[in-house]
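Please read the structure below before turning to the comments.
The values are calculated or read from the model by the stated rules, or taken from the named source; none is laboratory data. Predicted, not measured: the structure shown is a model, and the values here were computed from it. Every residue, glycine among them, receives a Cβ derived from its backbone with ideal geometry; neighbour counts consider all protein chains shown.
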Amino acid sequence: MIDSLIKIATDWQSPNYALRRQAIEEGAVEFRLSQENFTLALDWIFSLWTEERISAALAKNPFKKSKYAVQILAGNTPAIIAQGFLQSALLHIPQCIKVPCEQSIFAKLLQQSFKEKALPPFEMNAWQDNLSEFYTKLAQADLVIAYGQDETLDTLKKYISSHTTFICHGHAESAAILFKESANRTYLEKLKYDMLSYDQRGCLSPRMVFVEKGGELSPEMCAKIFAEEILPPLAQQLPRGGLFDGEAALILHQRNVYGFRGQVYSGPDWTVCYAEKQPWPSHALPRFIPFMPFTHSEELIEILDPVKNHLISLGCAGQKEKMDLFQKNFTARISPIGEMQRQLLIF
Amino acid sequence: MSLNQKVLDYILNQTGDFNQLALETFAHQYQQCKPYQEYCRKLNQTPENIDAWQEIPPVSTEVFREFDLCTLPPETARYVFQTSGTSQEKKGKHYYHDMTLYDASIQASFMQGMGLSSKDRATFRILTPSFSEVPTSSLFYMFQKVLEWYGNTSSQFYSQDYAGLTKHLLNDTQKSHPVILLGTAFSFVNFFDYLNDKNIALKLPKESKLLETGGLKGRTRHVSREALYQLFNTQLGLESEHCFSEYGMTELSSQCYGKPNSHVFFSPPWMPVRIIHPEKDHEVAIGETGLVQFFDLANTTALSAILTSDLAIKHPQGFELVGRSPHAILRGCSTVFE
């Protein structure tokens, strides 16, 4: 099975693989990503499917005794779909997967590649018009793994037996932190990928960048250099995808608000802001990233405290002791800057 | 002549050059409101390099939730109007040191907007609390002034005293005295719930009129315009040609009115509207949808160029509201009555 999964990953990273080409051509739009950005996403997603990682995940599988599983996948990024499929193979039990949309092109193409490699089949559907059938499956499952909004997960609980293992991944947010020893161009160059990949639509995308004062570059200069020199070439290479209703208006209003709070730098499809003081952003806006300074780790821990229950990932660059301190205070994963999206979140 | 006097003349008589007056107002606000001055400098849009009112930097209504934007010290304000919202939400504030322009704006537009003559006093039945009960509401201030200036002695506020309101309306009907009802959309809906419970349907006297305002979408309820106007007919016996709409907000000192049987709002000459494409930040063409932006001359002591979160279709002489921008914070006086 591991060999088959690795072959699938190799295929999906190959520019000539027909299913990949079709997915890029037809499927990028379902995630509101440009084809260029979706291509990068596919490369990143499948580069994580290495023998080492898959073997480690398989060994870790805590659900070996489960007999029937249901997975409910969110549709905001292709990574969740792909990881759900990988998880299904590793579970290696009868199961069904609920995808967000009947017409999910990427999910269908990926399922096809699983069939090509003779991996155990699983039922896949959106059950948009037949929820009662889906709820029956939920009631039968002894393992349910769900991604989605908190309200959706609460609704699901009603249909799940109390004996069922229910793993839910609800609303989650992430942030990037540059400690003063890393407040320099090298890390800003890495940070640009965290911001641009997936257009910040994933829960692993940073909503804010915190920069410690006292480094080679001041927090304000970090924002300025990032916006004026580092971001634009890659943003041009990886254009933003489409917007959802209301996002353009919200971006316009938020640019206005940040114009009063501090500084706004913007391009045709991106915004970088800087403000000494600002609340945690209430919306994840595509390609909209505020920078905020902090003076020491304890202060930042306090700033992040109100959102700590939702923090899933902290991208950090700096001394190990500082990162350890954040690991101690938050349940969020600590990942290197530039690698925030490149995490295999299974089991 | 002072800026306020020039604006007052413009509101009352439409004398003077609007663009010139707008630029003068901008220069005043730029000088006196430091956060705005700093903002305009960052944009490099200052009085020295702007020569058309359309170029004056607009300010999002969201900014009013975080900053005191006024040209006089806020602590010396006579009235402070606040946006509606829950106690947890930050509220936008509009500081008034002098109500002359606000009052003039009401006087120059309300009765005309309602198709009424300001010569005769009328009976106003107002379905909201009075301004003295909620002294932070710009809408209740307006209703208070309307009652003072144009109401007869039997006019009054009812808040949620639906029994008292029903009794008075039945009496008005019996005596064939036309009345004018003023309220927010949800205050009417609540009143209709009461009438339904009591199994009462009114048929108000001929020439009675109604003005609804405050938005149709709330936190827990939503009512379509069509359904609301149907209720005006079935519960009050009012045909749609007697039902008027008003559109205003805390950040503005002037109001827009919609004519009966029309979805289109008209802004007064001293408050031109622009419908802005949110992504391209320019004015949309007629028939297209964008964000509503005003330049309200009567806002001399605050800021005049205001960007709202309301979406509207641009019409040749006005705009048709199509709702709030998705994700925008819920607001509007109607939410008070849910």
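Structural remarks
- Of B:Glu55, B:Glu75, B:Glu38, all but one fail to be over 26 Å from B:His282 (Cβ atoms) and surrounded by fewer than 20 Cβ atoms within 10 Å (Cβ to Cβ); the exception is B:Glu75.
- Count of the range B:112-131 residues which are part of a strand (DSSP E or B) and closer than 20 Å to B:Glu241 by Cβ: 4
- Index of the failed condition, B:Ser240 passing every other in (1) farther than 26 Å from B:Tyr30 by Cα; (2) crowded, with 22+ Cβ neighbours inside 10 Å: (2)
- Tally, over the range B:288-297, of residues that are away from chain A (no Cβ under 14 Å) and either of a type in the set (Phe, Trp, Tyr) or in a strand (DSSP E or B) (or both): 2
- Pairs are defined by a Cβ separation below 6 Å, a sequence spacing of at least 6 or placement on different chains, a first member in the range B:223-247 that is within 21 Å of B:Leu139 (Cβ to Cβ), and a second member that is of a type in the set (Val, Ile, Thr); the pairs so defined are B:Val223/B:Val189; B:Glu246/B:Thr213.
- Meets criteria (within 16 Å of the chain's Cα centre (by Cα) and aromatic (Phe, Trp, Tyr)) for A:Phe63: no
- Hey, A:Leu204 buried (at least 22 other Cβ atoms within 10 Å of the Cβ), away from chain B (no Cβ under 14 Å) and assigned to a loop (DSSP other than H, G, I, E, B) or not: yes
- Single unsatisfied condition, A:Tyr198 versus (1) at pLDDT 95 or above; (2) away from chain B (no Cβ under 14 Å); (3) under 19 Å from the mean Cα position of the chain (by Cα): (1)
- Within the range B:307-314, not a single residue is small (Gly, Ala, Ser) and touching a helix residue (DSSP H, G or I) at 6+ places or on another chain (Cβ under 6 Å).
Conditions tested, residue by residue: (1) farther than 22 Å from A:Phe347 by Cα; (2) assigned to a loop (DSSP other than H, G, I, E, B); (3) of a type outside the set (Phe, Trp, Tyr).
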| site | (1), (2), (3) |
| --- | --- |
| A:Ala74 | no, yes, yes |
| A:Gln87 | no, no, yes |
| A:Pro100 | no, yes, yes |
| A:Met124 | no, no, yes |
| A:Gln128 | yes, yes, yes |
| A:Val144 | no, no, yes |
| A:His163 | no, yes, yes |
| A:Phe166 | no, no, no |
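- Residue pairs meeting the criteria (Cβ under 9 Å; at least 6 apart or on separate chains; first closer than 19 Å to B:Leu311 by Cα and within 10 Å of chain B (Cβ to nearest Cβ), in the range A:237-265; second of a type in the set (A, V, I, L, M) and assigned to a helix (DSSP H, G or I)): A:Leu243/A:Ile251; A:His253/B:Val63; A:Asn256/B:Val63; A:Val257/B:Val63
- A count restricted to the range A:183-198 and to residues that are surrounded by fewer than 24 Cβ atoms within 10 Å (Cβ to Cβ) and polar (S, T, N, Q) stands at 2.
- Checking each residue in the range B:195-211 for being surrounded by fewer than 23 Cβ atoms within 10 Å (Cβ to Cβ) and either assigned to a loop (DSSP other than H, G, I, E, B) or among the charged types (D, E, K, R) (or both) picks out B:Asp197, B:Lys198, B:Asn199, B:Ile200, B:Ala201, B:Leu202, B:Lys203, B:Pro205, B:Lys206, B:Glu207, B:Lys209.
- Residue check, A:Leu325 out of contact with any Cys (no Cβ under 9 Å at 6 or more places or on another chain), more than 10 Å from every other protein chain (Cβ to nearest Cβ) and surrounded by fewer than 18 Cβ atoms within 10 Å (Cβ to Cβ): yes
- The range B:13-35: number of residues that are of a type in the set (A, V, I, L, M, F, W, C) and within 14 Å of chain A (Cβ to nearest Cβ): 1
- The range B:266-281, subset within 12 Å of chain A (Cβ to nearest Cβ), in a loop (DSSP other than H, G, I, E, B) and in contact with a strand residue (DSSP E or B) (Cβ under 7 Å, 6 or more places away or on another chain), residue modelled with the lowest pLDDT: B:Pro278
- When the range A:100-114 is filtered for residues that are out of contact with any Pro (no Cβ under 7 Å at 6 or more places or on another chain), modelled with pLDDT of 90 or more and of a type outside the set (S, T, N, Q), the ones remaining, listed by number, are A:Ile105, A:Ala107, A:Lys108, A:Leu109, A:Leu110, A:Phe114.
- Every residue from the range A:223-234 that is touching a helix residue (DSSP H, G or I) at 6+ places or on another chain (Cβ under 6 Å), under 12 Å from A:Val272 (Cα atoms) and of a type outside the set (Val, Ile, Thr): A:Phe226, A:Leu231
Here is a yes/no grid of residues against (1) buried (at least 17 other Cβ atoms within 10 Å of the Cβ); (2) modelled with pLDDT of 95 or more; (3) part of a strand (DSSP E or B):
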residue: B:Ile286; (1), (2), (3): no, yes, no
residue: B:Asn299; (1), (2), (3): yes, yes, no
residue: B:Ile306; (1), (2), (3): yes, yes, yes
residue: B:Leu311; (1), (2), (3): yes, no, yes
residue: B:Gln317; (1), (2), (3): no, no, no
residue: B:Gly323; (1), (2), (3): no, no, yes
residue: B:Pro326; (1), (2), (3): no, no, no
residue: B:Ser334; (1), (2), (3): yes, no, no
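- Just one of the listed residues (B:Glu48, B:Glu38, B:Glu75) is within 14 Å of chain A (Cβ to nearest Cβ) and either touching a residue at least 40 places away in the same chain (Cβ under 8 Å) or assigned to a helix (DSSP H, G or I) (or both), namely B:Glu38.
- Test: B:Val63 is without any contact (Cβ under 8 Å) to a residue 60 or more places away in the chain and over 14 Å from B:Tyr96 (Cα atoms): yes
- Selected residue [surrounded by fewer than 24 Cβ atoms within 10 Å (Cβ to Cβ), of a type in the set (D, E, K, R) and under 19 Å from A:Ala284 (Cβ atoms)] from A:Glu220, A:Glu228, A:Glu173, A:Glu216: A:Glu173
- Looking across the range B:140-194, the residues that are among the polar types (S, T, N, Q), without any contact (Cβ under 8 Å) to a residue 24 or more places away in the chain and either closer than 26 Å to B:Ser84 by Cβ or not in a helix (DSSP H, G or I) (or both) come down to B:Gln144, B:Thr153.
- Considering residues of the range A:291-307 that are without any contact (Cβ under 8 Å) to a residue 60 or more places away in the chain and surrounded by fewer than 16 Cβ atoms within 10 Å (Cβ to Cβ) only, the residue nearest to the other protein chains (Cβ to nearest Cβ): A:Pro306
- The range A:242-290: number of residues that are touching a Leu at 6+ places or on another chain (Cβ under 8 Å), surrounded by 19 or more Cβ atoms within 10 Å (Cβ to Cβ) and closer than 25 Å to B:Gly323 by Cα: 10
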